[in-house]
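The values are calculated or read from the model by the stated rules, or taken from the named source; none is laboratory data. This one's a predicted model, so the numbers in the text were calculated from it and none came from an experiment. A quick note on method: Cβ atoms are made from the backbone with ideal geometry, for glycine too, and the neighbour counts reach across all protein chains shown.
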Amino acid sequence: MPVADAPAGELPVSELQALQGELAGLMTGMRKLQLQLRQATQAADERTSLLQAKIEELEAQNLSRALEIRQLEQENEGLHRVVEAKAPELARVIRERNDALKELSNAHKFIEDLLSHQEAEEAPPDVATRRASKQITLAPAKKLQHPQREVPVESDDESTIRPARSVASVSIGPVTHAPLTRTNAVNNQRTVTRTSSVETNVSTSSVADSPKNRKTGKKRLHWYLEFEKCPATSVSHGPIPFALLADRLVLDDDMIRSIWSLEFESGYDIRVHAEADTAFVYRPVILESLSATYLIGWGDAAMVRKVQEWSNGIGEVNLFSYPAKEDSESGWFYLGKHKLTYTPVKSIWSKLPEEDTEKLLAELKDRNPDMDASRFRRDVMEGKLVQCCIQLENVGNKVESLEFLKEYGLLPGDGRLA
């Protein structure tokens, strides 16, 4: 019997079943999407909660820091008020100290005059003269310690500004020779509490200045180094506190900073600063030979050229040296009038005694804590580090040195060079 056709306007059963299957698939996909959306929303909410908690924590820390800063500012203001309140009292104490030191200086001078007068009356003239010249006593206006070195000074200021006119600095130019201001250098006499000895090492000619007063073991050597002793060309007087030198020589602030900063310059070169008619060399390595005396250092070829150009602008200078001494005798020594000349000298490294090279490496290591001694030896032997020598030639004499010291108030009374 034939199947009856579907009424007009109605879909066949097979098509309805297909549509129902598709609809079921769509519903399943929508449920999956809904689940994924719910999971993403939950994760975003958790992330937002974590970020909110972190923000609150940071805000709390920020508030705590702000409170600490405010407290520190209040403490700082309080300290400023204390300092301002103490300033007049401090100024008064400083004035009283200066007045007391001035009275002490006058008393010392008066006592020395009385003793000299008494000795002159009791002893023959020649004996009294010799006694008066044996020892000279000076006293500083104030004692502080030089950074890292036991050097009494008068100044309250410490500066480590690198000098613009030192040999070790980058820019080395000609040195002007304007005379030092000597006004009131002698009238403002102070005395230094430590004993300053005046010592004559040798005569002034370079040949006669061979190391006569050195150790017997070194006398026969053609080349050797000195660290603690003054050069063989010198007539030494000291130690003198740097603050006293700055005051009596009327050094300006720039020059004082340049000299002070020599201590903090690294490298292997010569630490020297020259200006006007004075030169200051800090912890020099002295190279002595049978016929001449040198300041010696090492560096690259460019440094050596700069030193050569620098020395061409140096005339005759009054030389001060701070030897590498670590005891109570450390300080600045006046060495007399010298001429500083760059002199090419063949490398003497292999000719130095082993004892001298070990001392040299120890001195350079103290200046350069990160120094590799083996590499330094190798660079010197291979010529990567070039030897640089400045010859010292004494162009003055004992009388001129004495007059310079007396003129600037560095030698109270009428002391004589022994």
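Just one of the numbered conditions (1) touching a Ser or Thr at 6+ places or on another chain (Cβ under 6 Å); (2) within 30 Å of Ser116 (Cα to Cα) is not true of Glu407; which one?
All conditions are met except number (1).
So which of Leu287, Leu335 is of a type in the set (A, V, I, L, M, F, W, C), out of contact with any helix residue (DSSP H, G or I) (no Cβ under 8 Å at 6 or more places or on another chain) and more than 19 Å from Leu262 (Cα to Cα)?
Leu287 is the lone residue from the list that is of a type in the set (A, V, I, L, M, F, W, C), out of contact with any helix residue (DSSP H, G or I) (no Cβ under 8 Å at 6 or more places or on another chain) and more than 19 Å from Leu262 (Cα to Cα).
Could you look through the stretch 386-402, keep only residues that are at pLDDT 90 or above and over 13 Å from Glu316 (Cα atoms), and pick out the one that is surrounded by the fewest Cβ atoms within 10 Å (Cβ to Cβ)?
So, considering only residues that are at pLDDT 90 or above and over 13 Å from Glu316 (Cα atoms), the one surrounded by the fewest Cβ atoms within 10 Å (Cβ to Cβ) is Val386.
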